[in-house]
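Nothing in this text is a laboratory measurement; each read-out follows from the coordinates by a stated rule. Quick caveat: nothing in here was measured; it's all calculated off a predicted structure. Because the Cβ atoms are built from the backbone with ideal geometry, glycine has one as well, and the counts that use them run over all protein chains shown.
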Amino acid sequence: MSDTKVFIIGLDCVPPELVFDTWRADLPALSALMSGGAYGPLKSITPPITVPAWMSMMTSKDPGTLGFYGFRNRGSRDYRDHKVANSTWVHEDTVWDILSRDGRQVVVVGVPATYPPKPVNGSLVGCFLTPSVKQSQYTYPAGLKEEIAAVVGEYLVDVPDFRTEDKDYLLRQIYEMTDRRFELIDYLMDVKPWDFFMFVEMGTDRIHHGLWQCWDRTHHKFVPGNPYEDAIRQYYIHLDGLIGGLVEKLDDQTVVLVVSDHGIKKMDGGICFNEWLIREGYLTLKAPPRGIMPIEQAEVDWSRTVAWGDGGYYGRLFLNVRGREPEGIVEPEDVDRLKAELTVKLEALTGPDGRNIGTKVYRPEGVYRQVRNIAPDLIVYFGDLTWRSVGKVGFDSIYTFENDTGPDDANHAQYGMLIARDPRRPGAGLVEGMDILDVAPTVLATMGLPVPEDMQGRPLRLTALP
């Protein structure tokens, strides 16, 4: 049995360019890990969404194999049946499941889609999907909940309201959440035995979505000299200091990984997906909507509706197929033709200025090894993720520049990052071609365990060749 331990620092939504280039000189802890180790961009899943991205990373299985495609998923073929994916949706082995069975001791904190908690050989603290740290059982073992309260007081699994116009409140909450999380991590490192330790910090995601327009000079809402222009960089500096404190505690038998599940980019606006489908003749309402409302609340004439869309950072298009949906009208033999037709039209979408925005459309069966549960018929990256998908109806345009779920400045980008440092050997420096599905096999190989044949990634070579 290998005596190598692995310590994973997860930073949700961190793009490689900020850490590797823009702010590297301001981040001594992360810079030191890069200088002595390996680093590079990490290609995320399609779509690059927090849930399921972290589970894809830790199982080495794509969303089609996992069977969920975002936070919200169709729970059945009923038009209004939506379910939030959580740990009960995860039926594939995670790294910590495999390690637990091998007798290795694990500590897992805040990895998205770990609530409700499942048993491990060690300790597990649930993620931001936890409804309430006071009322929910969000730890394994159960008694760890009281232990956490005694150490940090009220533990924050997430920022209570990150889509807010009150940016001072947002910053206070982000710093408080981050500081309490690192206080807990520091404690668990000391008092719990572990061979594998992983945690995910959500503050990076929340500060990006809440304040991206304040620092990105290319953002259409950027105002020079605004009071939050330096807020994201200052948070990164604070976070780097906390990371440095943890890394200093590790021994020379511990390999450190710093990973993010996807990146971030400015959001130019929203495409009102269902408004577009209405105008193109694919979606029919029985009556005009009474103001702006979710498609689920609108009176859809399913007898005349070919397709409808769902909102979010990417668009999900569903066809109303006969024999599949309750009131389907699309003949099964017409599905491929309609997918091709809609792909051409969507990829030809222009912005308000008449220029093509660069939309990309994917078929689940073309990007996943298998397609489980109910996947979208088409996955749509409006403007290659520079525009979000807005699912509500009642707009007077197919374009909107206000987010329908609250203030949000940014969208997800396809590439996150990976930094790896083995203190016993020199790193490989800049590594290209890394994929999020490679992380789990890399961890297992590093710890001397065989990589299961059904994992879709491969172990990465992150140290210099002899």
Per residue, the convex hull volume that the Cα atoms of the chain enclose (Å³): 150 Å³
Full-stretch length increase - ARG163, GLU248 - with 0.36 nm per residue and alpha-carbon distance subtracted: 27.1 nm
Inter-centroid distance (Cα atoms) of region 298-361 relative to region 433-447, Å: 36 Å
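Would you calculate a helix-derived [θ] at 222 nm for the chain, using -39,500 (n - 2.57) for each DSSP H run of n ≥ 4 and dividing by the full residue count, to the nearest 500? Numbers along the way, then the final one.
Values: 12 runs with 127 residues, N = 466.
It comes out at -8000 deg cm²/dmol, rounded to the nearest 500.
Using 1/(1 + (r/R0)^6) with R0 = 22 angstrom and r between the beta carbons of GLU453 and MET189, what's the FRET efficiency to the nearest 0.05? Intermediate values should be presented prior to the final figure.
Details: r = 33 Å, r/R0 = 1.51.
Here the calculated transfer efficiency is 0.10.
Could you rank the peptides 310-322, 365-377 by their average count of other C-beta atoms within 10 Å per residue, with the highest value first? List each step's numbers first, then the result.
Values: 310-322: 22.5, 365-377: 16.6.
Ranking, from highest mean packing down: 310-322, 365-377.
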Of LYS221/LYS266; LYS221/LYS345; LYS167/LYS221; LYS43/LYS360; LYS61/LYS192; LYS83/LYS345, those spanning more than 19 Å from alpha-carbon to alpha-carbon: LYS221/LYS345; LYS61/LYS192; LYS83/LYS345
For region 269-407, the Rg and Dmax computed from alpha carbons only, in angstrom: 14.5, 42
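For GLU325, GLU165, GLU296, what ranking results if the residue with the fewest other Cβ atoms within 10 Å of its Cβ goes first? Let's see the in-between values first.
Working: GLU325 18, GLU165 9, GLU296 14.
If I rank by nearby Cβ atoms, fewest first, I get GLU165, GLU296, GLU325.
Can you give the % of DSSP beta bridges in the chain that are antiparallel, to the nearest 5? Don't jump to the answer; show the numbers that get you there.
On the way: 36 of 66 bridges.
Counting only bridges with both partners in the chain, antiparallel ones make up about 55 percent.
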Gain upon complete extension [GLN370, HIS220; 0.36 nm per residue less C-alpha separation]: 50.1 nm
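Assuming R0 = 35 Å, what is the FRET efficiency of ILE237 and ASP334, from their Cβ-Cβ distance, to the nearest 0.05?
On the way: r = 56 Å, r/R0 = 1.59.
Here the calculated transfer efficiency is 0.05.
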